[in-house]
Amino acid sequence: MMIATCVQVALSLLILTMKVNIAILLLIISGVCWGSELSATQQLGRYLFFDTSLSLHSNRSCALCHSPTHGWSNTFNKTIDIYGKPSTLNTPSLLNVIHRRQFSQTNPRATELEQAILNPLFSVDPLEMGMTVELLVARLSRKPLYLAMFETGFGDSEVTIERVATALEDYLSLVQSQDTRVHRYQQGQHKALSAQELLGWQLFSGDRLNCSKCHGGVLFDTPSDEQEPFRNTGLYGALDAEGFPSYPMGQLGLEGHSGKKKDNGKFRIPSLINVAHTSPWGHDGSIQSLESLLDLYARGGRKLTYGTNQGDGRAHPAKSEWVSGFQITRREREALLAFLNALSIDRDWTRYPFNSPFCEQADSSLCDR
């Protein structure tokens, strides 16, 4: 099947242009035709994901913010726009995104993955990729390789935004794994976890810490009451103009969409799979270590004593009832951290098909596409 796909792409290229240069031929041989497990649309999505021409200034790709080597997120505190200006939110991981039901940290109506894929391309605030529909279609339509790949994947070479979204979604379906030592233990491999990690899991699941009340389910992102997946964890408690504890402007969370004060500071519950590899943490990337994250929950909210957002998040009226604080010994703390690390995915994300197809060429400058 894959050999036939490779032949189809190659023939399509030769038909589309009589000036197929060596670089494009290398692209076919080492990129499109390498890796039999990918469908034609998944391979197209792979190229699109790593291609900087999907941004206005051709200086960033999807992989800049969602790097396979950084847990499918990045190490920035907040997402950076095309002009280098930080936004208000940290970049969520794309790992297992295909299994999620909510695709926004703040918008409850964002329930379609296709729209979540297109939003960064065409959003204005923040200006993540800075593209327009017309510009993106025109750019891709000028490239013989893409015309051939669209024809192979969809039956003709027409470039449309819907097809771009479909190809990217098909590629992201590969970015999934629940192969952690915790999941292996659940499947009967009882030697997968150490005694310390089992103690951490017991603490995580117990009523004293309440961790699993928000982080349940296969992805450790589902609240036990199965109600809204947006919760306030007491990260901020700065007094607003009316004297009520509040999150900073621009970080209102669910309130920004509902208009209700009771939703202030509520953000989507993140998955804890691979959590040890997705620093920094918090909706705004303001937490630099898992130890600091535990401190926040142990206190029942974060207290800031300096800066423009100083205040006590523990006093926030919209804070989840499950973030009530707890006492924990040093031994228990180390066990809980060990358990969180046991939720890591032991996989080499630098290898095909998660590496850039442009880095496979003889000209290494293509890696920066």
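The values are calculated or read from the model by the stated rules, or taken from the named source; none is laboratory data. Predicted model only: the values in this text are computed from it and were never measured. With ideal geometry, Cβ positions are generated from the backbone for all residues, glycine too; neighbour counts draw on all protein chains shown.
Give the residue that is farthest from Leu44 (Cα to Cα), with candidates limited to residues of the stretch 166-181 that are of a type outside the set (Gly, Ala, Ser) and in a helix (DSSP H, G or I).
Arg181
Closer than 24 Å to Asn274 by Cα and not β-branched (Val, Ile, Thr): which single residue out of Ser93, Ser141 fits that description?
Ser93
Hey, could you check the stretch 267-290 for residues that are free of Cβ contacts under 8 Å to residues at least 60 places away in the same chain and touching a helix residue (DSSP H, G or I) at 6+ places or on another chain (Cβ under 7 Å) and say which is surrounded by the most Cβ atoms within 10 Å (Cβ to Cβ)?
Let us first name the residues in the stretch 267-290 that are free of Cβ contacts under 8 Å to residues at least 60 places away in the same chain, namely 269, 287-290.
Add one more test, that the residue is touching a helix residue (DSSP H, G or I) at 6+ places or on another chain (Cβ under 7 Å), and what stays is 269, 287, 290.
Details: Ile269: 23, Ile287: 21, Leu290: 16.
Within the stretch 267-290, the match that is surrounded by the most Cβ atoms within 10 Å (Cβ to Cβ) is Ile269.
Report whether or not Gly325 is in the same structural domain as Phe267 (by TED's automatic domain parsing), surrounded by fewer than 18 Cβ atoms within 10 Å (Cβ to Cβ) and modelled with pLDDT under 95.
Spelling it out, it is not the case that Gly325 is in the same structural domain as Phe267 (by TED's automatic domain parsing), surrounded by fewer than 18 Cβ atoms within 10 Å (Cβ to Cβ) and modelled with pLDDT under 95.
Please go through the stretch 207-234 and give me each residue that is of a type in the set (Gly, Ala, Ser) and out of contact with any strand residue (DSSP E or B) (no Cβ under 7 Å at 6 or more places or on another chain), ordered by number.
Answer for the stretch 207-234, where residues must be of a type in the set (Gly, Ala, Ser) and out of contact with any strand residue (DSSP E or B) (no Cβ under 7 Å at 6 or more places or on another chain): Ser212, Gly217.
Spot the failing condition for Leu293; the list is (1) crowded, with 20+ Cβ neighbours inside 10 Å; (2) touching a residue at least 24 places away in the same chain (Cβ under 8 Å), and only one is missed.
For Leu293, the failing item is (2).
Which residue, of Leu198, Leu209, Leu193, is under 28 Å from Thr233 (Cα atoms), assigned by TED's automatic domain parsing to the domain that holds Gly256 and not in a helix (DSSP H, G or I)?
Within the list Leu198, Leu209, Leu193, the selection yields Leu209.
I'd like to check something: does the stretch 52-74 contain any residue that is surrounded by fewer than 20 Cβ atoms within 10 Å (Cβ to Cβ), in contact with a His (Cβ under 9 Å, 6 or more places away or on another chain) and of a type outside the set (Gly, Ala, Ser)?
yes
Regarding Asn119, is this residue buried (at least 17 other Cβ atoms within 10 Å of the Cβ) and more than 23 Å from Met149 (Cα to Cα)?
Criteria not met by Asn119.
Scan the stretch 94-150 for residues that are acidic (Asp, Glu) and free of Cβ contacts under 8 Å to residues at least 12 places away in the same chain and jot them down.
Within the stretch 94-150, the subset acidic (Asp, Glu) is 112, 114, 125, 128, 134.
Hits for the stretch 94-150 are Glu112, Asp125, Glu134.
Residues being in contact with a Phe, Trp or Tyr (Cβ under 7 Å, 6 or more places away or on another chain), among the aliphatic types (A, V, I, L, M) and buried (at least 18 other Cβ atoms within 10 Å of the Cβ): count how many of those fall in the stretch 296-313.
Number satisfying all stated conditions: 0.
Looking at (1) touching a helix residue (DSSP H, G or I) at 6+ places or on another chain (Cβ under 7 Å); (2) within 28 Å of Pro68 (Cβ to Cβ), which is the only condition Gly234 fails?
Gly234 satisfies every listed condition except (2).
Restricting attention to the stretch 179-233, report how many residues are at pLDDT 95 or above, out of contact with any Pro (no Cβ under 9 Å at 6 or more places or on another chain) and of a type in the set (Asp, Glu).
Of the residues in the stretch 179-233, 3 are at pLDDT 95 or above, out of contact with any Pro (no Cβ under 9 Å at 6 or more places or on another chain) and of a type in the set (Asp, Glu).
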